[in-house]
Amino acid sequence: MRTDPAGLAHTPISAGAGRLLLLAAGLALLIVAAWASSVPGGPVFDDHFLVVGQNCFKSLSGLARILLFEPGYACTYRPARYVSYGVDHLLFGDNFWAYHVGNIVHHELSTLAVGALASLLFARVDRRRSASQACALGLAVAAVWALHPVQTDSVSYVSGRRDILAGGWTFAAVALSLVAARRGGLWWVAVLWATLVAFMSKESAVVIPVLGLLVASLTGEKPAGGLIAWIRRHPATVVAGAVGVGLSLLLVLYRGVLDSHSDRGFAWWGGSVTSNFATVAALQVRYLQLVVLAAPLIGDYRPDTIPLAAGFGDPRALLGLTLCGALAAAAFLARRRRPLVTAGVGWYLISLAPVSHVFPHHELFAEHYLYIPLFGLALAAVDLVAWGLEVAPDPARWRRIAAAALGALLVTFVVSILDRNRDFANERAFYEHVVELAPNNLRAVANLGNIAFDQGDFDVALEHLGTLAPLWTAGSQDELRNVGRALEAAERVGDRDRALALARQLAEHHPDVGAGHRHLAQLSLEAGDPPTALASAMRWWRVARDPAALSLAGRAAVGRLPTGLPDAAHVDALATAVEAEPSAPRDATYHAAIALHALGRSDRAYALLASRRPTPSEAQWDAASCAIGRAAGVSAPVGCPPVPPSTAASTAADPSPATPEEPDGDR
């Protein structure tokens, strides 16, 4: 008697198949309803440079270069993702909503692959089940997996396309491998194709061969003789799996070390291999929390949000190891009676391995890392419920209760997704949510402050950027950019004290950058502190050689005169700079001369004024030149009107008139 080659049906499909199709269509519509509100959302985070600012996939020639794997071309990294973006662009143009629609479509296709894989597994494990029963359980797995709120990080976020594609093709490859193990031939070509597309979507798909061997060994026939007999019975599966594992290891080595796109290089989290893997153990608690509670969904996880573990003595690391050990022990004990529980737990743990920092990469933790692993726990959970229904005293009644509970769960999931979509509406909404749940996330606080600054909301910008000001590493570019913007925001809202403190921080931590000195000079002068203003303006000049620095220094120098004399060294430096700079502002020259004269250096002051006399002449300038020249003992100072003989004696006796007014002119 010929067996069913796919292993899916061993009895005719019942009349309930129509109802299953309706339920499947309902699930598809529910997915659309859950994520339709994400379609109007704008670009967030990586979307700006992966999609909006990236042109390499927006033409047929660009797509051809991607498909030909042209070396050095921007879109050859994870090329399947860019090809899918290119299809969206060709169909709908440069409309960002099209990429959101594409994410939903690909998630629907991934859900189809999940349902097919789960149905195959349920049919293989218990041959007493009808095809309808296996498909019903597979549909339940697909529904829980597809509508779990943690999937928003992949579906609502356009750059999450990488995970959707890698996941969908991973599920397809493993499902096809189950069929190919029995039918052989071209089915293996289909497995290879699905595997390659998954690999080209994201490196986490390297687990496909291991997952294929896992489900094949746990769900295939178990001939006498155990593992050795199974290997002899399925040589093609074993060979394909071994080759796949070898190629996967090479890909991991290539992407993780030789051509890593992580900005960390090969640096262990926490600075040591112990801290790195203790942190990985601690992260397992957060992963399981997201799976079970679907909260909190933060979206941006940094060490500020999830502190690193120093070692395995960290309670979080111990708890993570305990939970993973418990899962592994439960899977081992269930391997004979409930092999799908074993397969599900094994799937979860194995598919998390590529993102568990065996090769450290820049993103410590992410919700989209669960896109593939979540299938394993959904499969195990549904199988446990199915087992409970099998042993229940009144199976029909409990099936109705289970169906109602599943429906309520899915409704709860959809409501959560709709709420989460609001966080992906735009970048400001996204970071407001992150900061609300993780106020210590420096990147999120800084990004929110900068977004508010760009939108002209300077109060909010100052609130966030100003809060971070003491936390940045002194002298870092992050400090320079963010404190500089906080300073400008403080000036815009009129918080002079805050602005002055931020200016001092910039000037002290970035002495080779003019911005801090410039702001400190301006604010100090406005605050009635000419000495600080003069010193800062001259530092600004030495760093930036900006003529405006000389103007400000000149005003600061004469600003001291009503109450005292300016610093002689700074005035000398100002005068020297003005003398050496032919295009020095006229007001800087004028003020330098006034300050020199006040310090008793009238000869140098007069020489400065006389050499830079404007053309045509200005009355104020000439008055100053005349007065200071006479004070210096010049017999006929430039700018003085002719002196009548009758007044010559009295003029010579008192050569120092009041300080003349400031001349008109540029500053």
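Summary table below
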{"quantity": "Euclidean distance between Cα centres, the range 41-117 to the range 503-535, Å", "calculated": "48 Å"}
{"quantity": "The range 314-344: trypsin sites (Lys or Arg not before Pro) in DSSP loop, at most 12 other beta carbons within 10 Å", "calculated": "336, 337"}
{"quantity": "Candidate residues 177, 37: accessible-area rank, largest first, probe 1.4 Å", "calculated": "37, 177"}
{"quantity": "Label corresponding to Cα extents along the principal axes in Å when calculated from the structure given, among (1) 111, 67, 41; (2) 139, 51, 44; (3) 102, 77, 59", "calculated": "(2)"}
{"quantity": "Three-way shape call for the range 484-540 based on the alpha-carbon gyration tensor, with the a/c threshold at 1.5", "calculated": "oblate"}
{"quantity": "Cβ charges +1 (Lys, Arg) and -1 (Asp, Glu), total dipole of the range 577-624, debye", "calculated": "80 debye"}
{"quantity": "Taking the C-alpha atoms of the range 42-181, convex hull volume expressed per residue in Å³", "calculated": "119 Å³"}
{"quantity": "Helix 96-125 axis, angle to the chain major axis (alpha carbon atoms, nearest 10°)", "calculated": "30 degrees"}
{"quantity": "FRET efficiency estimate (nearest 0.05) - Cβ-Cβ, residue 273 to residue 46, R0 30 angstrom", "calculated": "0.55"}
{"quantity": "Gain on full stretching of the segment that runs from residue 405 to residue 289 - 0.36 nm per residue minus C-alpha separation", "calculated": "39.7 nm"}
{"quantity": "Tensor-based shape of the range 171-214 (alpha-carbon gyration tensor, a/c under 1.5 rounded, otherwise prolate or oblate)", "calculated": "oblate"}
{"quantity": "Where labels lie 7 Å past Cα in the beta-carbon direction, separation of residue 232 and residue 36 in nm", "calculated": "5.9 nm"}
{"quantity": "Surface per residue (accessible, 1.4 Å probe) for the range 281-324, Å²", "calculated": "43 Å²"}
{"quantity": "Largest to smallest accessible area among 314, 304 [probe 1.4 Å]", "calculated": "304, 314"}
{"quantity": "Residues in the range 274-298 reached by a label modelled at residue 322 [backbone nitrogen below 13 Å; 7 Å Cα→Cβ]", "calculated": "285"}
{"quantity": "Cysteines having no other Cys beta carbon under 4.7 Å from their own, within the chain", "calculated": "135, 324"}
{"quantity": "Added length on full extension, which subtracts the Cα-Cα distance from 0.36 nm per residue, residue 353 to residue 576", "calculated": "73.6 nm"}
{"quantity": "Å² of accessible area per residue within the range 360-477, as computed with a 1.4 Å probe and no ligands counted", "calculated": "44 Å²"}
{"quantity": "Theoretical gain in end-to-end length, residue 397 to residue 422 [0.36 nm per residue, Cα-Cα removed]", "calculated": "5.1 nm"}
{"quantity": "Cα gyration tensor, the range 443-525 - rounded (a/c under 1.5), prolate or oblate", "calculated": "oblate"}
{"quantity": "Rounded accessible area of residue 483 (nearest 10 Å², 1.4 Å probe)", "calculated": "0 Å²"}
{"quantity": "With Cα atoms, 0 to 90° folded angle of helix 568-580 axis to the chain main axis", "calculated": "90 degrees"}
{"quantity": "Relative contact order for the range 157-223, counting Cα pairs under 8 Å that sit 6 or more residues apart, in percent", "calculated": "37 percent"}
{"quantity": "The range 28-179, accessible area per residue, ligands and nucleic acids excluded (1.4 Å, Å²)", "calculated": "33 Å²"}
{"quantity": "DSSP-assigned coil residues among GluC sites (Glu not before Pro) in the range 411-489, each with at most 10 further Cβ atoms within 10 Å", "calculated": "none"}
{"quantity": "Farthest toward positive dipole pole in the chain [+1 Lys/Arg, -1 Asp/Glu at C-beta], among 557, 309, 103", "calculated": "103"}
{"quantity": "The chain: relative contact order as a whole-number percent, Cα under 8 Å and 6+ apart", "calculated": "10 percent"}
{"quantity": "Protein accessible area in the chain, 1.4 Å probe - carbon and sulfur %", "calculated": "63 percent"}
{"quantity": "Loop trypsin sites (Lys or Arg not before Pro), the range 527-558 (other Cβ atoms within 10 Å of the site Cβ: 16 or fewer; DSSP)", "calculated": "545"}
{"quantity": "Folded to 0 to 90 degrees: helix 315-333 orientation relative to the chain principal axis, Cα", "calculated": "20 degrees"}
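The values are calculated or read from the model by the stated rules, or taken from the named source; none is laboratory data. Just so it is clear, the structure is predicted and the values come from calculations on it, not from any experiment. For neighbour counting, all protein chains shown are included, and Cβ atoms are generated from backbone atoms with ideal geometry for every residue, glycine included. To get the accessible areas, we keep the full protein, side chains included, count just its heavy atoms, and leave off ligands, DNA and RNA. Shrake-Rupley method; radii C 1.70, N 1.55, O 1.52, S 1.80 Å.
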